[in-house]
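Worksheet: the structure to be examined is printed underneath.
The values are calculated or read from the model by the stated rules, or taken from the named source; none is laboratory data. Values in this document were obtained by computation on a predicted structure and should not be read as measured data. Cβ placement follows ideal geometry from the backbone for every residue including glycine, while neighbour counts extend to all protein chains displayed. Please note that ligands, DNA and RNA were not included when accessible areas were found on the heavy atoms of the full protein model with its side chains. Shrake-Rupley method; radii C 1.70, N 1.55, O 1.52, S 1.80 Å.
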Amino acid sequence: LNTQVSGIPIVVFNSLNIEREDVVEARVNFPSGMPKAVRVVDHEGKEVPSQFENGKVLFVASAPSVGYSVYGVVPAEAATKTSLLKITNTSMENARYRVQLDQKGDVASIFDKSLNKELLAAPIRLAISTDIPKVYPAWNMDYEQVEAAPRAYVEGLPQIRIKERGPVRVSLEVSRETEGSRFVQTVSLSAGDAGNRVEFSNAIDWRTLAANHKATF
């Protein structure tokens, strides 16, 4: 395994049986101290899109089927400014998608530029339904309760902030509270092949009794 590259080497292994391009996250320790920014290069010295914050490096990596690629993280004085990604407090965009949030913090629009088509008929919402089964409440769910309309949706005044802004990935973080539980949802768009999907990450402090929770599309 040849790791002779510029900077600190990172080996990316692809366990799939297809060639793959995706976003890599790595925590890197710098012997000379934390740099202001970084550049990431492949084994030929060619720079790939990257961004850096608090020791975490994000970069776009490619690896062959059931194989590996070696990249180098090089300290830099300034970050690369070139990017096709766009973000505001209520929207984000990459080469394929435009994503829009509404005033409630829900994703109200996902426009696919490759199809010239809006993908959502209504906002994506987080629903709370009553869940009090007649027997075995630890695991049973009663059909009539599953089929009933949600008793509530995650609403309230949202706190929205730009979590990531770079040439590799942009993210909006939406924090809300409903029925005693706290919901923090991160919506992200990436560069490269990873940009062919809209990613959702949910961190939930669940304290709501006699209920279940699901995302509705």
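Can you find even one residue in the stretch 30-47 that is of a type in the set (Val, Ile, Thr), in contact with a Lys or Arg (Cβ under 6 Å, 6 or more places away or on another chain) and under 30 Å from LYS113 (Cβ atoms)? Checked the stretch 30-47: no residue is of a type in the set (Val, Ile, Thr), in contact with a Lys or Arg (Cβ under 6 Å, 6 or more places away or on another chain) and under 30 Å from LYS113 (Cβ atoms).
Residues of the stretch 91-120 that are open to solvent by 60 Å² or more (accessible area, probe 1.4 Å), under 16 Å from the mean Cα position of the chain (by Cα) and within 22 Å of GLU155 (Cβ to Cβ): GLN100 alone. Residues of the stretch 69-90 that are among the hydroxyl-bearing types (Ser, Thr, Tyr), surrounded by 13 or more Cβ atoms within 10 Å (Cβ to Cβ) and more than 17 Å from the chain's Cα centre (by Cα): SER69, TYR71, THR80, SER83.
Taking the criterion of being in a loop (DSSP other than H, G, I, E, B) and either free of Cβ contacts under 8 Å to residues at least 24 places away in the same chain or open to solvent by 70 Å² or more (accessible area, probe 1.4 Å) (or both), the residues of the stretch 17-51 that qualify are ASN17, ILE18, GLU19, ASN29, PRO31, SER32, GLY33, MET34, LYS36, HIS43, GLU44, LYS46.
Selection within the stretch 148-174: residues that are over 15 Å from the mean Cα position of the chain (by Cα) and either under 20 Å from LEU58 (Cβ atoms) or small (Gly, Ala, Ser) (or both). The member of this set that is least open to solvent (accessible area, probe 1.4 Å) is ALA152.
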